[in-house]
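Notes to accompany the following structure.
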Amino acid sequence: MTRKHLLILFTAAGLILGLAAGIWTWRLNRGLSAEDITGCITDFTAKIAAGDLQGARNLMTEETGALLREPGNSLGEAMYRKLSLISVDHVMAENGDIYSADVILTSPDRVKIAAKAGILFGERVTAEGPAEDTDRMMAEIYEELLSRDDLPMLDSFCVIRVENRNGKPLIRGDETLQRILENGN
């Protein structure tokens, strides 16, 4: 190869590398679109409902991922399993790399389920007499209730904040989101 050919080759390689670096820098600094944020929130809720809590935590900032706790019982598991996203609206930039979205989630209504479980417990005690193992009886009642298709559901509104971390949207969890995920309200 002649010197002229080497010069052309190195010049072309430099241009390609420069273009790639420019595109990468632009991608990192362009901010997030409403579709990026909606997609992140959609993936987050789908992973929770599928039982992939670690996958959902991976869509959260490191500082707030611990707010998504393992369910402690069958009701907690049902709260996550039956979670669904109704809508994501009014996505807007707050400041810098922080965005917010108005979100409506639906999940089992823990208060109504507990009230129904109490009524069923009372009916069983009245019909069968006092139970020797009330914890086991309550567990059976909850299992029965949670397997029903007509489980009472509750729609909850919250504002979810999403942070742009190197071009990747990550949810900034807070106590409000944690309360809705765990309690349904």
(message) If the requirement is being part of a helix (DSSP H, G or I), aliphatic (A, V, I, L, M), in contact with a Phe, Trp or Tyr (Cβ under 9 Å, 6 or more places away or on another chain) and modelled with pLDDT of 90 or more, which of these qualifies: ILE119, ILE104, ILE141?
(response) ILE141
(message) When you check ARG81 against the structure, is it within 13 Å of the chain's Cα centre (by Cα), surrounded by 16 or more Cβ atoms within 10 Å (Cβ to Cβ) and either closer than 17 Å to ASP149 by Cβ or touching a residue at least 12 places away in the same chain (Cβ under 8 Å) (or both), yes or no?
(response) yes
(request) Report yes if some residue within region 126-136 is in a strand (DSSP E or B) and either assigned by TED's automatic domain parsing to the domain that holds LEU59 or of a type in the set (Gly, Ala, Ser) (or both); otherwise report no. (result) no
(request) Sort through ILE41, ILE86 and tell me the only one that's of a type in the set (Val, Ile, Thr), part of a helix (DSSP H, G or I) and under 25 Å from ASN164 (Cβ atoms). (result) ILE41
(message) When you scan region 25-45, do you find a residue that is modelled with pLDDT of 90 or more, in contact with a Cys (Cβ under 7 Å, 6 or more places away or on another chain) and of a type outside the set (D, E, K, R), even just one?
(response) no
(request) Only residues that are farther than 11 Å from SER100 by Cα, among the acidic types (Asp, Glu) and touching a Pro at 6+ places or on another chain (Cβ under 9 Å): list them for region 158-184, please. (result) GLU182
(request) Go through (1) assigned to a helix (DSSP H, G or I); (2) without any contact (Cβ under 8 Å) to a residue 60 or more places away in the chain and name the single condition MET92 misses. (result) (1)
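The values are calculated or read from the model by the stated rules, or taken from the named source; none is laboratory data. Just so we're clear, the structure is a prediction, and the values are computed from it rather than from any experiment. Cβ sites come from the backbone with ideal geometry, for glycine too, and all protein chains shown count toward neighbours.
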